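Notes follow the structure.
Each value in this text was obtained by applying a stated rule to the coordinates, not by laboratory testing. Everything quoted here is computed from the prediction, not taken from an experiment. Don't worry about glycine lacking a Cβ; one is built from the backbone with ideal geometry, like all the others, and counts go over all protein chains shown.
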Amino acid sequence: MKEECLICEDLLEYLEKDEIMECAICHRKESSKTRCKKGHYICNACHTEGMDVIVGMCLKETSKNPVEIIEKMMEQPFCHMHGPEHHVMVGSALLTAYKNAGGDIDLQQTLVEMMNRGKSVPGGACGFWGACGAGISAGMFVSIITKSTPLAVEPFRLSHLMTAKALGEIGLAGGPRCCKRDSYLSLLAAIDFVREHLGIEMEKQETVCSHSAQNNQCMGKHCPFAKVNH
């Protein structure tokens, strides 16, 4: 049994419709479709406890490689095998690499904005919305750096194209969900997109997953980042 429920480590189950659940940690009550087989529910806030260190980490970072940056985040105690923390981590890694590669942004300001936006995408969006939060995070990144609004023209176009590109790669890889795989796919798609559309060259590397031992639903050799494929 790999990590699933943060309380008892039992497998998660997904319900057909929302139910009012009480978080096993903070006792907040809210609507959700997700709990473990023993009935434990963990709210998004508790699942991402400690994530605020991302801003400080990124401000100290010198790498131009978003995969390298997110791997450091994945080593932190706040990051689990799966969870909504990835909805912030992808965009934050991209903002940091973009800034270090010559992008003209206020990194601290944009990281705070990314934190606020990414937190609004709940866990399970990949399955229930048909839009993985990691892919959405890549679109948020482009929206932030181009200062898009609902009334923008070119920034509006670019941010949607970025989200579509990331989600397209995630869809082609298929399910079940893997927050690590989908984060890598989104980052690599964004590197190419930014180079093509914005002229900033972030660094890119061959990416091999080191997290499969913690994933009960790992696709194995069918994952593009499996060791056997490299």
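Values computed for the structure shown
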quantity	calculated
Which of S186, Q205, P176, positive extreme of dipole for region 173-214 (C-beta unit charges)	P176
GNM top mover of G123, G139, G220 - the chain, alpha-carbon springs below 10 Å	G220
Between region 156-170 and region 25-82, the Cα center-to-center distance that results, in Å	23
Full-stretch length increase - L198, N216 - with 0.36 nm per residue and alpha-carbon distance subtracted	2.6 nm
Label-point gap, in nm, between V153 and K227 - each point 7 angstrom along Cα→Cβ	5.3
Neighbour net charge for M140 - beta-carbon separation under 14 angstrom, K R +1, D E -1	+3
Stokes-Einstein translational diffusion, region 26-177 - Kirkwood Rh over all Cα pairs, 0.890 mPa s, 25 °C, in µm²/s	153
FRET E, pair C8, A164, Förster distance 30 Å, beta-carbon r, rounded to 0.05	0.20
Linear extension gain, Q76 paired with A45, 0.36 nm per residue minus alpha-carbon span	9.5 nm
Highest-MSF residue in the chain out of H47, H82, H197 [GNM, Cα springs under 10 Å]	H197
Max mean-square fluctuation residue, GNM over the chain, Cα-Cα springs under 10 Å, options S148, S63, S31	S31
Dipole in debye (nearest 20) - region 3-74, about Cα centre, beta carbon charges: Lys, Arg +1; Asp, Glu -1	160
Nearest-20 debye value, the chain charge dipole, Cβ charges on Lys, Arg, Asp, Glu	280
Size of charge dipole - region 59-129 - debye, nearest 20, with Cβ of Lys, Arg +1 and Asp, Glu -1, no other charges	80
The chain: angle of helix 179-198 to the longest principal axis, Cα-based, in degrees nearest 10	20
Gyration tensor verdict on region 119-195 (Cα atoms; rounded if a/c is under 1.5, prolate if a/b is larger than b/c, oblate otherwise)	prolate
